[in-house]
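Below: the structure, in structure tokens.
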């Protein structure tokens, strides 16, 4: 009954009751594990990083040499933010390419707003030439529905909120007024 009223499962209510009776905090807890017993030992991680820097080998070759899974070696290299081999100079091992940024995130709303204009063809009410034929479409539609409409979009890069509006042209003054 309480679970239905709170819109949670009975197991969640039971957890809350046990915490309250034990005098524990009712705040949300992290589900992250306290320790990872299956994580690769530090000594093996150092061997992986050493082979990568001294011999410039990939994950598969390192895995074969150490007798482990390539996915484990890749995970260790990724955890230590080791650049990809094709981002390194072959002779010196120095990074020559900057990796692509993962995402463009802003600190506050309105800090960066992305504007985009899409040109869309107008279709007459009778369906245009594809529905009623080219000759009939020219005769019946006149000038109504012809031309293009410009769909202006503004995307806030912080909240990902989008505002769109149909305007007649894509001139600088129209876009700035939008």
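The values are calculated or read from the model by the stated rules, or taken from the named source; none is laboratory data. From a predicted model like this one, the values you see are computed outputs, not experimental measurements. Neighbour counts run over all protein chains shown; Cβ positions are idealised from the backbone, glycine included.
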| said: Being modelled with pLDDT of 70 or more and within 30 Å of residue 43 (Cβ to Cβ) is the requirement here; does residue 96 meet it? | reply: no
| query | In the range 35-56, is there at least one residue being outside the structural domain of residue 159 (by TED's automatic domain parsing), assigned to a helix (DSSP H, G or I) and either touching a residue at least 40 places away in the same chain (Cβ under 8 Å) or under 23 Å from the mean Cα position of the chain (by Cα) (or both)? | reply | yes
| said: Criterion first (within 30 Å of residue 93 (Cβ to Cβ) and either loosely packed, with under 10 Cβ neighbours inside 10 Å or modelled with pLDDT under 90 (or both)) does residue 39 satisfy it? | reply: yes
